[in-house]
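What follows is one structure encoded as structure tokens, with my remarks underneath.
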Amino acid sequence: MDNNKRPETMERINSKALAEAFINEQIKEIKEQVGDKKVLLALSGGVDSSVVAALLIKAIGKQLVCVHVNHGLMRKGESEAVIEIFQNQLDANLIYVDATDRFLNLLADVNDPERKRKIIGGEFIKVFDEEAAKLTDIKFLAQGTIYPDILESDGVKAHHNVGGLPEDMEMELVEPIKLLYKDEVRVVGSALGLPDEMVYRQPFPGPGLGVRCLGAITRDRLEALREADAILREEFDKNGLAGKVWQYFIAVPDVKSVGVKNDKRYEGWPAIIRAVNTTDAMSATIEEIPYELLHHITDRITHEVPGINRVLYDLTPKPIGTIEWE
Ligand code: XMP
């Protein structure tokens, strides 16, 4: 049997009871596969790796070693949430690596989007590899592969697999959710007790804010982007749009315009809001955000975020624009 193929008889996991049955079955299989050996996992804080972590913690506890690499391109509060949930609440064996300087130094002056992606992906593997080398006795590597990853591994989205790990690592793979669709992963995540913010998180590209801080990344513009993005998310949360809109974020281009602040000339970057709906990310339509809310968000971002002096709303559907700007 091809164990990368979902059996036609496999029921869609769409209830707590089915999720629990899946979890119990996986716990048994994981225990059988790994015995008393240690398992390593790159924990980004995204839905898939978080669900795999929670599942493995339940199955083998401290035999799981999670490594969270903060590449400095996370959204506001994300690395902190990973530490809070996995280290503090689930008592996981978590290694936190703040590699911000390494990534930002390498990315300085790099303009080309695909080069930026390559650098981020390559450095991620290096940092993870270095951490793995410090550990002894690791026999298994867990991965948050899901069924669409298997179906799409024809090269079309190869550039998306930033978390892809080195092939020469001599470890056996543990991929407990590889036959699940995304909606099923979320149901399993909830049944495992993960918070909604994590389970229903909007998609976030592997290279993170790196592809939204357009052109060559600078620390000040990246910080402005992170703060503006946090305001957008907070307002979408408060106004009931968070669960409704598929993906929403800010992009900040490397362009300055003239403005006025406190009666003085104030040059700043524009923050561009993007809020799209889609089912498969191949095409996307624009969410019609109420004007009143747009004004409020504009007011907050221009007053609260140093360096930003305008807010724009991107009305371009996909196609012709891609969802991300880079
Ligand atoms: P585009 O911009 O191609 O985006 O319309 C479609 C979806 O893919 C996400 N995306 C990425 N995800 N690494 C990722 O892991 C990437 O390099 C990357 N680029 C785009 C994007 O956020 C959207 O959900």
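A short reminder: the numbers here are calculations on the coordinates, not readings from a lab. A quick note: this is a predicted structure, and the numbers were derived from the prediction, not measured. Every residue, glycine as well, gets a Cβ built from its backbone with ideal geometry; the counts of neighbours run over all protein chains shown.
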* Listed pairs LYS126/LYS256; LYS38/LYS118; LYS116/LYS256; LYS76/LYS256 exceeding 27 Å between Cα atoms -> LYS126/LYS256; LYS38/LYS118
* With charges set only on the Cβ (+1 for Lys and Arg, -1 for Asp and Glu), what does the dipole of segment 91-138 come to about its Cα centre, in debye to the nearest 20? -> 240
* First select every other residue whose beta carbon is under 14 angstrom from the beta carbon of ALA191; then total the charges, Lys and Arg +1, Asp and Glu -1. => -2
* Obtain the nm distance between the two label points defined at LYS62 and GLU304 by a simple spin-label model: each point lies 7 Å from its Cα along the Cα-to-C-beta direction. => 4.1
* Asked: Counting Lys +1, Arg +1, Asp -1, Glu -1, what net charge surrounds ASN277 among other residues with beta carbon under 13 Å of its beta carbon?
  -> 0
* To do: Putting +1 on Lys and Arg Cβ atoms and -1 on Asp and Glu Cβ atoms, find which of LEU151, GLN89, LEU135 reaches farthest to the positive end of the dipole of segment 16-199.
  => GLN89
* Structure fact -> Toy charge model, Lys and Arg Cβ at +1, Asp and Glu Cβ at -1: the chain dipole around Cα centroid in debye, rounded to 20, equals 420
* **Chain lengthening between GLU324 and ASP98 when straightened (0.36 nm per residue, less Cα-Cα)** => 78.8 nm
* Structure fact -> Sorted by chain and number, the residues with a modelled amide H under 5 Å from that of ASN93, at a separation of 5 or more or across chains, are CYS66
* Structure fact -> On the formula 1/(1 + (r/R0)^6), with r taken between the Cβ atoms of TYR313 and ASP112 and R0 of 30 Å, the FRET efficiency rounded to 0.05 is 0.65
* Asked: Gain in length, LYS238 to LEU293, computed as 0.36 nm per residue apart minus the alpha-carbon separation, to one decimal in nm?
  -> 18.7 nm
* **Footprinting exposure proxy for THR302, THR322 (fewest neighbouring C-beta atoms within 10 Å first)** => THR322, THR302
* Could you name the lysines in cross-link range of LYS182, using Cα to Cα under 20 Å and dropping any fewer than eight places away on the same chain? -> LYS5, LYS16, LYS157, LYS244
* What's the extension gain from ILE27 to SER153 if we count 0.36 nm per residue and subtract their Cα-Cα distance? -> 42.7 nm
* Provide the packing ranking of 6-12, 42-48, 30-36, i.e. peptides ordered by the mean count of other C-beta atoms within 10 Å per residue, highest first. => 42-48, 30-36, 6-12
* Would you calculate a helix-derived [θ] at 222 nm for the chain, using -39,500 (n - 2.57) for each DSSP H run of n ≥ 4 and dividing by the full residue count, to the nearest 500? => -11500 deg cm²/dmol
* List the residues of segment 23-44 whose backbone N lies under 20 Å from a point placed 7 Å from the Cα of THR136 along the Cα-to-Cβ direction. => 36-41
